[in-house]
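Worksheet for the structure shown next.
Throughout, read-outs are computed from the coordinates displayed, never taken from laboratory work. Treat the numbers as computed from the prediction; the structure is a model and nothing was measured. Quick reminder, even Gly has a Cβ in these numbers, built from the backbone with ideal geometry, and neighbours come from all protein chains shown.
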Amino acid sequence: MFRAFWRAVGEDGAMTNSKVLPADESRTAMTHRGDRVRVLGAGTPRLVVFVPAAFTPVCAGEVGELAALASRAEVLGVRILVVSCDAAATLAAWLRDADPTGGVTGVSDHWPHGELARLCDAFDEDAGVALRRTWAIRADGTRKLVASSAPGLPRDAAEHARGIEWAAGTPTESTDVSDLRVETR
């Protein structure tokens, strides 16, 4: 069902081993606020979190966890981008409730449908939605797959916390993420 991505994602959708990939060509997309943001390429460090769809329980839970990590990301200069194939207006309506802190930026991969997800090997061609893949991207544009899960299963918030640290350029092997409290709704 799933194809291995640089041997980083197993058949069950779980992470195995991930390597650092070179910078991509710059790509921007529309946010839920109506502006454009750089998703791929060199620029502000960021955590790019692909989700299948707005207004779904697992995606909403993950956004809640990401919102709890947003203050740490801000301190480190890392933006949290949640990418879905939904339209920007749909993401705006969803994030008003799912992230009242405003710490997470919704990014629409609506048109061309799934283009960003395809570039990151995070698109399910059969279902027409993004797969649960999370990329950490450093300022130089290098990126690393830091979290993945099978459909219907949430990613581990600790993997997202480590991805934020990696994107910022801080050591992740020894980073203690226990102080990053993640509260879910």
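See the values below:
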read-out: Placed amide H near residue 146: partners under 5 Å, 5+ positions off or other chain; value: 134, 135, 136
read-out: Antiparallel bridge percentage (DSSP; both residues within segment 27-168; nearest 5); value: 60
read-out: Alpha-carbon gyration tensor eigenvalues x 5, square-rooted, for segment 77-136, Å; value: 20, 14, 9
read-out: For peptides 156-163, 89-96, sequence by mean Cβ density within 10 Å, most packed first; value: 156-163, 89-96
read-out: 18 Å reach of a label modelled at residue 28, 7 Å along Cα-to-Cβ, counting backbone N of segment 37-54; value: 37-46
read-out: Karplus-derived 3J(HN,Hα), 6.51/-1.76/1.60, for each residue of segment 39-56, Hz, glycine and proline x; value: 9, 10, x, 5, x, 4, x, 7, 10, 9, 10, 7, 10, x, 6, 5, 6, 10
read-out: Order of 123, 50, 55 under a 10 Å beta carbon neighbour criterion, fewest first; value: 55, 123, 50
read-out: Label-point separation in nm, residue 89 to residue 36, each point 7 Å along Cα→Cβ; value: 2.1
read-out: Sequence-separation-based contact order of segment 106-171, relative, with Cα cut under 8 Å and 6+ spacing, percent; value: 23
read-out: Label point distance in nm, residue 76-residue 158, each placed 7 Å from Cα along Cα→Cβ; value: 1.5
read-out: GluC sites (Glu not before Pro) lying in DSSP loop within segment 43-152, provided at most 15 other Cβ fall within 10 Å; value: 125
read-out: Two-decimal Rg to Rh for segment 27-168 - Kirkwood Rh, Cα set; value: 0.91
